[in-house]
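Reviewing the structure listed below.
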Amino acid sequence: MKLNTLTAHELIAPLDKGDISYIDICNSIIEAVEQKDKKLNAIAHFDKAAALERAKSSKGIPIFIKDNICVKDELTTCSSKILEGFRPPYNATVIEKLLAEGAVLMGKTNMDEFAFGSSTETSCYGVTRNPWDLERIPGGSSGGSAACVAADEAIFALGSDTGGSIRQPASLCGVVGLKPTYGRVSRYGLIAFASSLDQIGPVTKDVEDAAILLKAISGHDQMDSTSVDEAVPDYPALIKKDIKGLKIGVPKEYFIKGTDKEVKQAVLDAIKKLEELGARCEEMSLPHTEYAVAVYYLVATAEASSNLARFDGVQYGFRSSQAKSVIDMYKKTRQDGFGDEAKRRIILGTFALSSGYYDAYYLRALKVRTLIKQDFDKAFRKYDAIVTPTSPTPAFKIGEKSKDPLTMYLSDIFTISANLAGIPGVSIPCGFTKKKLPIGLQILGKAFDEETILRIAYNYEQATAWHKTKPLI
Amino acid sequence: MTYETVIGLEVHLQLKTRSKVFCGCSTNFGAAPNTQTCPVCLGFPGSLPVLNREALKLAAKVAIALNCQIAKKIRFDRKNYFYPDLPKAYQISQFGHPLSQHGHLPVLSNGKERHIKIRRVHLEEDTGKLFHEKDHSLVDFNRCGTPLLEIVSEPDIGSPEEAYAYLTLLKSILEYIDVSDCNMEEGSLRCDANISLKKQGAKELGVKTEIKNMNSFKGVKAALEYERDRQVELLESGQRIVQETRLYDAERDVTESMRSKEEAHDYRYFPEPDLVPFDFEKGLLTEIEKEIPELPEPRKKRFVSEYRLSEYDAAVMVSDKAMADYFEDCARLYKNPKIIANWLMGDVSAYLSEKNLTIAGVNLKARHLTGMLEMIDRGAISGKIAKTLLKEMIETGKEPGALVKEKGLEQISDEGEIEKAIDQVISENEKIVGDFKDGKKNAIMALVGKVMAKTKGKANPGKVNQMLSKMLREDK
């Protein structure tokens, strides 16, 4: 068996026995990338020699990092021209934690520009293709991370999730993607899209690896005032408990008209499976769900408009050479440096924060955000977890939605609420469409209770074989 | 037509913390450009702010000293605007919920104490500094992220003089509580002013102008005087005041329009998502209150009642904390506080200001100064000699007794010695002696002066006077 197809926990035994070396794993990854990535375009920055060099001096599993997480002296560009050539002078906290565990940094994965998108089509490096169907998108914005893991170009990867950017591509590529509780993982070194929503999380081939990676990157960080000082449980050990007696809510608002029939059926089948495993599932309601997308596109764009203002050509990244004055430099740099979707969101957010509109848009959105959060607070007094489809549809065709931003924004309709409420969510494979496209099941949990959703995910995964089916690429 | 002047002042104050407000970089002034920076204060992508608790503490200290109410929850906002000295393109500040509000300062104006209202005191971060060269500009981010306190008064100040008094008292308080260097030249204290005129008794405020670029309190006063007169002239000639920002040119003593059209700034303030709002700990407040010393105003009142100083003397004594502390050190050692105050306000202050020194910066121990005063009282030295002795004490740091011996400054009270000098003076000044004898009684003063000169100022002047009169009478 090729090493690149294995998971981290599967690699431990042969490594311990001395049957394989860390270099072997690294070589097998390099081979897979060279063989497949011309077709997929999942990797944005890859330096084979440097990766091998790092593998020689470390004892750990190779990992790919989304291109919006700072790695010292390595290209970190958010797949945007405006960060052309940018090499951060420091490591993100998650990178420091991974290096402390011995992880070998392999390279950076492609993404929607600044994580603005659900299809990885807005990258300045071109679209990443879905390993299950190269004519289709991998989801986004962590499309590169999901595609490279699905195609066995990686053992695992880190992504970031602001409105579904880990879970939705995981769902569309048939892998596991976890968005931790807001504050569980330090954001220090994650180039901000929407500061109150962003979280870094694992993209893996199975649930056990997600637990391993989550444990490695979690914990309070003095450099991030929004990270929370909560003990980090031993996830890999705890998830193996059964799920008998757990109460699981199934929100009726998540089985709306626009949901693909095959997706809906797969999720209903998964719910049946969870009941067979001893969980008690029942229909319930999250009444403010329908406002989530509107709230999200006000809060997220408002924060983004401010977070992206620093890309002005003064200190780093791209600077227009055409400018004749400072104002001109700002305008031309940003005009040429940002793609259309980035500009669209900056304009939207700027508008939402403008005086005279602030109360009607941003402030109102914050209030409805509170209502959405209260929906979950109330639900979790009764239920241990909530299950839903991750995405209303399987992977769509490249270009199918990119001309229509509103339709594109609806791709995140089931994932956005978790970010607004700050709760954890995981997407795991739960079936395929007739066209052999993966379908994902989303499990949402209480804040700081990643353990329970991973436990449900693990038990489901053990009882099914979806995650073992691999794309033919 | 008579107008009322309405002035509001906005003071920016750099707090004296060791490190910056949202990162660990040093706040030292004068380091080589961009050597006191890190990813956080440079606004690098992915970096996050963490509040320096010492900055919050100093900010709260100011708020309490200015009689403000402290907010229960501490929150920060982002103020968004583009400028090359602002690396994140937003400044972390406090907008909707400032650290504190509703304070006041008891300012002495036209001999009366008046409470000037303070609207708000809030904490923010300073920006970097631009240097414009011939064909390019450079930016130094060392200052970027230095904790900055904005102290905004209500439009409650009635004249340039009152503005001056407000600033003087404010600075004095800030020095008392030791939160800032308060150095306008180094920019650790900066002041902008708003001024408008309204018809006597009118309720509605007139159109205001904002004046910037003053680098001393006197400059603030002069700029306000100029701007008030300019506005009066405009109104009197039937013209309108344009709302605008004007720069003060100290050299020419004029204000000039900075922008032809006031840009409508929309800073798009919103809550800073990277800093979670938190409760201001009650414990911290008590801790801060304990650290606030007696402030200048109450201290002045105490000086009047405890030391029987005049209002004026007390005000001068307390305006500088080090001076006031010194005064009290002396008052513990010497019985007559008024005499101490006279010396401190007179010869000591004159010497200090001539040499551009402060009382804390010179080697004049309280017991040396009071020792000198006692020597005068005992008649061991003359008042005139004391002036020389004072300089010697400051410059050498030596105690007065030793210096008097070393320099031979003891007062001559020995009658034989004085008589010898008088004899010589009488014989050398026949004309003046003649004048005296012809009834010009004042001529004796000239003779006393001659005797003092002869003894190099060391003769006891009382004794000289007394002996001289006697000897002249006997000499009839």
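The values are calculated or read from the model by the stated rules, or taken from the named source; none is laboratory data. Being a predicted model, the structure only gives us computed values, none of them experimental. A quick note on method: Cβ atoms are made from the backbone with ideal geometry, for glycine too, and the neighbour counts reach across all protein chains shown. The protein model used for the area step is the full one, side chains on, heavy atoms only, and it has no ligands, DNA or RNA in it. Shrake-Rupley method; radii C 1.70, N 1.55, O 1.52, S 1.80 Å.
Assorted remarks:
- Cα gyration tensor shape of chain B, rounded if a/c is under 1.5, else prolate or oblate by comparing a/b with b/c: prolate
- Rel. contact order, % - alpha carbon contacts under 8 angstrom, at least six apart, chain B: 14
- Within segment A:381-473, the proportion of Cα pairs with more than 15 Å between them is 65 percent.
- Exposed loop sites here mean trypsin sites (Lys or Arg not before Pro) with a DSSP loop assignment and at most 16 other beta-carbon atoms within 10 Å; chain A contains its longest site-free run at A:73-239.
- Segment B:415-474, accessible surface, carbon-and-sulfur percent (1.4 angstrom probe): 49
- Based on C-alpha pairs under 8 angstrom that are at least 6 apart in sequence, chain A has a relative contact order of 18 percent.
- Its Cα gyration tensor gives segment B:3-287 an equivalent ellipsoid, and the semi-axes of that ellipsoid, as √(5λ) in whole Å with the largest first, are 32, 24, 18.
- With Cα atoms, 0 to 90° folded angle of helix B:415-428 axis to chain B main axis: 80
- Computed from backbone phi, the HN-Hα couplings of segment B:436-451 come to 4, 5, 7, x, 7, 5, 5, 4, 4, 5, 4, 5, 4, x, 4, 4 Hz, rounded to whole numbers (Karplus: 6.51 cos²θ - 1.76 cosθ + 1.60, θ = phi - 60°; Gly and Pro given as x).
- Sorted largest first, the spans of the alpha carbon positions of segment B:292-407 along the three principal axes are 43, 30, 21 Å.
- Amide proton proximity set for B:Ser100, modelled H, under 5 Å, gap of 5+: B:Ala71, B:Val121
- All Cα-Cα separations within segment B:112-236 were binned at 5 Å from zero, giving a P(r) of 2, 8, 16, 20, 18, 13, 10, 7, 3, 1, 0, each value a whole percent of the pairs.
- Over all orientations, chain A has a Cα convex hull whose mean projected area works out to 21.1 square nanometres.
- Accessible carbon and sulfur surface of chain A relative to its total accessible area, %, 1.4 Å: 52
- List of segment A:225-247 residues, accessible area with partners at least 30 Å² below that of the chain alone (1.4 Å probe): A:Ser225, A:Thr226
- Entries of A:Lys257/A:Lys468; A:Lys39/A:Lys72; A:Lys48/A:Lys470; A:Lys343/A:Lys403; B:Lys300/B:Lys391; B:Lys365/B:Lys387 with Cα pairs more than 19 Å apart: A:Lys257/A:Lys468; A:Lys39/A:Lys72; A:Lys48/A:Lys470; B:Lys300/B:Lys391
- Label-to-label distance, nm, for residues given as B:Tyr312 and A:Asp229 (7 Å Cα→Cβ offset): 5.8
- Threshold 50 Å², segment A:345-379 residues less accessible with all protein chains present than alone (1.4 Å probe): A:Leu353
- Shape descriptor for segment B:415-474: Rg over Rh equals 0.92 (Cα atoms; Rh from the Kirkwood inverse mean 1/r).
- Sparse packing (at most 13 other Cβ atoms within 10 Å of the Cβ) combined with a DSSP loop state is found for the following trypsin sites (Lys or Arg not before Pro) in segment B:287-377: B:Arg308, B:Lys335.
- Taking all pairs of distinct alpha-carbon atoms in segment B:1-153, Kirkwood radius in angstrom: 16.9
- Qualifying trypsin sites (Lys or Arg not before Pro) in segment B:10-102, where qualification requires a DSSP coil assignment and no more than 14 other C-beta atoms within 10 Å, comprise B:Arg18, B:Lys72.
- With each label modelled as a point 7 angstrom along the Cα→C-beta vector, the B:Lys199-A:Glu290 pair spans 5.8 nm.
- Karplus-based coupling profile of segment B:364-371, in residue order and whole Hz: 10, 6, 4, 5, 6, 5, 5, x, with θ = phi - 60° in 6.51 cos²θ - 1.76 cosθ + 1.60 and x standing for Gly or Pro.
- Mean separation of Cα pairs under 8 Å and 6 or more residues apart, divided by the residue count, gives segment A:106-265 a relative contact order of 16 percent.
- Across peptide A:301-310, the average count of Cβ atoms from other chains found within 10 Å of a residue's Cβ is 5.
- Annotation: per residue accessible area for chain B equals 49 Å², rounded to a whole number [probe 1.4 Å, protein chains only].
- Contact with the other protein chains removes 30 Å² or more of accessible area, compared with the isolated chain and a 1.4 Å probe, from these residues of segment B:56-86: B:Arg78, B:Phe82, B:Pro84.
- Once Rg and the Kirkwood radius are both taken over the C-alpha atoms of segment B:87-168, their ratio Rg/Rh works out to 1.14.
- Heavy atoms of B:Met1 accessible to a 1.4 Å probe, total area in Å² rounded to 10: 140
- Protein accessible surface hidden between A and B, which excludes ligands and nucleic acids, total in Å², probe 1.4 Å: 2700
- Cα centroid separation, segment A:379-395 to segment B:60-121 (Å): 46
- Within the protein assembly as shown, helix-based [θ] at 222 nm, where runs of 4 or more DSSP H residues each add -39,500 (n - 2.57), nearest 500: -12000 deg cm²/dmol
- Shielding by partners for peptide B:272-279, expressed as the average number of C-beta atoms from other protein chains within 10 Å of each residue's C-beta, is 5.
- Between the Cα long axis of helix B:296-307 and the first principal axis of chain B there is an angle of about 20°, rounded to the nearest 10.
- Mean projected area in nm² (Cα convex hull; one quarter of hull surface) for the protein assembly as shown: 53.4
- Too-long pairs where the Cα-Cα distance tops 24 Å, listed order kept, from A:Lys241/A:Lys446; A:Lys38/A:Lys179; A:Lys324/B:Lys20: A:Lys38/A:Lys179; A:Lys324/B:Lys20
- Too-long pairs where the Cα-Cα distance tops 32 Å, listed order kept, from B:Lys171/B:Lys208; B:Lys72/B:Lys198; B:Lys338/B:Lys405: B:Lys72/B:Lys198
- At a probe radius of 1.4 angstrom, the accessible area of segment A:373-473 per residue rounds to 37 square angstrom.
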